[in-house]
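Have a look at the structure below, then the notes.
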Amino acid sequence: MARVVLKNITKTFAGGSHTANTPDTSDASDTSDTPKASNTRPVLSNIDLTVNDGEFMVLVGPSGCGKSTLLRLISGLETLTNGAILVGDRTITHLPPKQRDIAMVFQSYALYPHLSVYDNLAFGLRRTRTPLTQNFTQDLTPNLAQNLILKDPEQPPHSPRRPAWLESMLVGLTRGLSPKLRYQSAAERSIAQRVYTVAKMLQIEDLLSRLPKQLSGGQKQRVALGRAMARNPQVFLMDEPLSNLDAKLRNETRAQIVGLQKKLATTTIYVTHDQTEAMTMGDRIAIMHQGRIQQVAPPLEIYRNPANRFVAAFIGSPPMNFLPVTVRANQLTHAAFSIALPTHWQSAIAPYRDGSTLLLGIRPEHISIGQCPGSFAATVTQIEALGSETFVMAQIVADQPVISQSLAAPVTSLQIRIGADQPIEPGSTLQVSFPTDKIHLFDTVTEAALELR
Ligand code: ATP
């Protein structure tokens, strides 16, 4: 297994034309470390990212932010404009996809429709030039290997050693038969061992003789995962592999992928636009926006300490509330309320104390309800009772009109999350307040979070 290092990666699609390579035709001569002339904006800019050995890294961001392009650059399906990619101690920037030792799983499954599940799993292994180890389980972590020692009664017995020409003729003649009846050469026996091992891991042993059209979406996705796993690559790349599944199956398969990745300890880069997947699957998350990485950190750190307004708004559902406030001394003032900041904010707000505006952020679950010093009125306009919790939309009752200072954020409404049993009526007035240990402050120009020191 291996660490993946992305160094200063930039990608521009020249003239907006399609420059993708296919896995088989990509050529080292196509790649370049020198910027190519283009009149278009880079799709990816200065991407620096290290994914540690065995780590599960999630790339998350809105549609069009460049996630898939980055994954395709790592796999070799696209050529980069600038930068370098390392896997372990190998620089793979110029290598064609086949030589990168990376397996990719796509949203569309990309199974061969005319091949059985067995042959789909075996396909990549038959094409590999490097001989497979006789015992696939030796390549796996010791604990996992022990649980997967093959005792498959259906596997054909090992046949005596025959000349290579005879083996290949017998393989060719019996290829059209079901897997159980085919002649197996020594190479094919190694492949069979891997196929059965992976099928067992993914609990698809019963599906080996079916065609993809005879499988459900979830089963197809497991076969696609199995095909990647059978190759035992140094790195897995997964591009929204769960998007085609319904919500229940997505949850189940999500847990299964995380479990398998932990067992195999294969470095994995997983692309999604779904923040729940990002939060629940990743050891770390890299949040992308407009072709740039905004923050890389473990999920809860990102949730608790977003680096900027984009990250704060993107992670969390419903999203964080944002309100413009004026800073004077240690007071934050809004048309409806005023907050005295504790001393640990002093150095962070020092450059703004002359009456500058900051953006205050507060998550729906951190808004306190009830009369207290500093609380203010908000009128309930909408209630969404989900059973386990309730989301309330409330309009702030301000003494003066609230001016947004051209910030693209709601300034008069708040989303509040309350317990399911808390009684609440539309049109009622709540007293709300923002605990100072739960607020976030952002610069209105750079949108960077103010850091507490
Ligand atoms: P999604 O979540 O919708 O799949 P994404 O974050 O994966 O989006 P990409 O598919 O990487 O985004 O696309 C990033 C940008 O690059 C988009 O603006 C897209 O239109 C553009 N793009 C992607 N592939 C090409 C291409 N071959 N030629 C020109 N532009 C492209």
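For region 318-443, relative contact order (Cα pairs under 8 Å, six or more residues apart, normalised by length) works out to 33 percent. Hey, if you put +1 on the Cβ of every Lys and Arg and -1 on every Asp and Glu Cβ in region 318-443, which of Ile439, Ile416, Thr390 ends up farthest toward the positive end of that dipole? Positive-most Cα among the choices belongs to Ile439.
Each Lys or Arg adds one and each Asp or Glu subtracts one; over the other residues with Cβ under 11 Å from the Cβ of Arg284, this totals -3.
When you count, for each residue, the other Cβ atoms within 10 Å and take the mean per peptide, how do 381-392, 227-238 rank with the highest first? Walk me through the intermediate numbers first.
Numbers: 381-392: 13.4, 227-238: 23.4.
In descending order of packing, they fall as 227-238, 381-392.
Every number here is computed from the coordinates shown, using simple stated rules; none is lab data. Because the structure is a prediction, the values reported are computed rather than measured. All Cβ positions, glycine included, derive from the backbone under ideal geometry; neighbour counts span all protein chains shown.
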